[in-house]
1. If Asn92 satisfies every condition in (1) out of contact with any helix residue (DSSP H, G or I) (no Cβ under 7 Å at 6 or more places or on another chain); (2) at pLDDT 85 or above; (3) closer than 23 Å to Thr128 by Cα; (4) not β-branched (Val, Ile, Thr) but one, which is the exception?
2. For the list (1) closer than 24 Å to Lys102 by Cβ; (2) at pLDDT below 85, I need the number of the one condition that Ile85 fails.
3. Could you please find all residues in the stretch 233-251 being part of a strand (DSSP E or B) and either crowded, with 21+ Cβ neighbours inside 10 Å or touching a Gly at 6+ places or on another chain (Cβ under 6 Å) (or both)?
4. Specify which of the listed residues (Trp194, Trp214) is at pLDDT 95 or above, touching a strand residue (DSSP E or B) at 6+ places or on another chain (Cβ under 6 Å) and buried (at least 19 other Cβ atoms within 10 Å of the Cβ).
5. If a residue has to be in contact with a His (Cβ under 9 Å, 6 or more places away or on another chain) and aliphatic (A, V, I, L, M) to count, how many in the stretch 396-449 make the cut?
6. Pick out, from the stretch 435-498, the strands (runs of 3 or more DSSP E) lying fully within it that include 3 or more residues that are surrounded by fewer than 16 Cβ atoms within 10 Å (Cβ to Cβ) and touching a strand residue (DSSP E or B) at 6+ places or on another chain (Cβ under 7 Å).
7. So which residues in the stretch 140-158 are aliphatic (A, V, I, L, M) and part of a loop (DSSP other than H, G, I, E, B), if there are any at all?
Amino acid sequence: MKAFKNLSSALCGRKVFFIFFLLFFLFNNNFCTTANQIKDASYIAENSLILAIDRKSKGQLAYIKGNPPLVNFSGPLNNGDYGIIKTVYTFNNTIFAISENKGIYAIRISDGKTIHLSIKKEMLTTDTIRNAAWHPLKKSLIVTYRVRGGAGATECTFDFETSSAKCLQYNDKSSELKSNHVAQVVVDARGNTWFRYEESMDLGVSRLNMAGEWDHFDMTNAQMGSSSVTLMRAEKKDEGFKGDNVWFVTPAGLSRLQYDGKKKKKKVIIEEKKDDEDDDEETPKKIAIKDYREKNEEKDNKKSALVENKTLEGEKKENKQKKSTRNETNEVWTFYGDKKAEDHALYRTMGIYSWFTDAIVDIVDIEIIEDSILIATKDAIYHFEPKSIIRFMPKTFMGSIRTVITSVFYRNSHFFVKLKPEYDSNYVSSFMIFDMSKKKWDTLDFWKIKKSNPRNITFTPYNSENEIVILKYERESKLAIFKYSDYSLTLIDFEPKK
């Protein structure tokens, strides 16, 4: 009996301790969290960008202008409650604020006039926006969703004079999308819209051209290492490799679609017949010409039969499409990687796959620059030019902790590499900078801002000499200016409007 009383007393004591701990945690979580969480930033013009800030579940927008930069919360941008803004884009002199729970706000920069898109207004499929892309020719915004079961994509155009918007839904019923699980949308230099599906779906990618015609690509009809596409990038005009290229990342490597690629054709020189040459005589030259013409006629017949079969199959569909008039012969696919990479999963997991092959697999990011591209794997950065490729190896160990590359971006003849611990992606372990002109690595010293590792670091261009940097910590965010001259970070103090 006495033992039972002692046990009861001990349990009661533990209950009191647990309740005290719970109250302390709730108090600490509510009152120690800073009010201003910087969510995102977007470039507007030189020495001008927009900040998205969360103040206790209320979103605010602020300008950063001038040199040195100053934060300004006044003006027409904060006329409404945007909810928690998680991402902000700037396209066509318009700010697009993507809210976590209130849809999309399109805000004209000149006067702050706003158009609101939401599920309640039947313009969006859901309010949980995943990412967005701008179509420069259509002047439209295309968004994808993050929702269980998939929700396709939505394309919207805006008319600020009438404060209205028109939206078109893309899903597996209203369009030729193979699935509603759309993970990414990009628009290429030709105005084609590309849809990437979730990697687990193994459906490749789909393309919608300006004429409303659809094409679908996977490893069965294109040079892809896998039908599981993890990332897409499209070159802009006068950027990247020769021609208008679109790049696709799969676990087995990198695929390139080149629109201006011209397939090599065999040259056949047909000489004029001499007067003394017998027309009926079968010379080697005549036999070669005859064989060449017969082979071409056979190919043409096969192509005609293939087109005829495809046309008959298309007529069976409920939604008939017009016959494509685009010239497919100018599209060339190229694969860079190892299609048998899945057979070496153990070596890839151990990080020793590169010991046995030069193939580039397990790509985590790519960045298109002036006349080439940068490819990031977990261990290295590859500078891929049309006729060569160079590997750069940043420091990937912090004492005994192995770190991996998670992203790369390029500006002002520098590329910036973000590294996180291999088995803990909750914080940034280091941030490396490579000067391509000096061929030299350096490290960003973010400990001068705070003696702690941030959860994430983002750079937004400000001018040719500086970048605006957001350092996101567990309970607060810091704003700083980065100088290319000495790679230093200087804290920008600001207090949001109360």
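The values are calculated or read from the model by the stated rules, or taken from the named source; none is laboratory data. In this text the structure is predicted, and so the values were computed from the model without any measurement. Cβ placement follows ideal geometry from the backbone for every residue including glycine, while neighbour counts extend to all protein chains displayed.
1. (3)
2. (2)
3. Ala234, Asn245, Val246, Trp247, Phe248, Val249, Thr250, listed by residue number.
4. Answer to the check: Trp194.
5. Looking only at that region, the number is 2.
6. On the way: elements: 440-443, 456-461, 466-472, 477-483, 488-491.
Where strands (runs of 3 or more DSSP E) fall fully within the stretch 435-498 and carry at least 3 residues being surrounded by fewer than 16 Cβ atoms within 10 Å (Cβ to Cβ) and touching a strand residue (DSSP E or B) at 6+ places or on another chain (Cβ under 7 Å), they are 440-443.
7. Result: Val147, Ala151.
Here's the yes/no breakdown for (1) surrounded by fewer than 17 Cβ atoms within 10 Å (Cβ to Cβ); (2) in a strand (DSSP E or B):
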{"residue": "Ile366", "(1), (2)": "no, yes"}
{"residue": "Asp371", "(1), (2)": "yes, no"}
{"residue": "Ala376", "(1), (2)": "no, yes"}
{"residue": "Ile389", "(1), (2)": "yes, yes"}
{"residue": "Pro394", "(1), (2)": "no, no"}
{"residue": "Arg402", "(1), (2)": "yes, yes"}
{"residue": "Tyr410", "(1), (2)": "no, yes"}
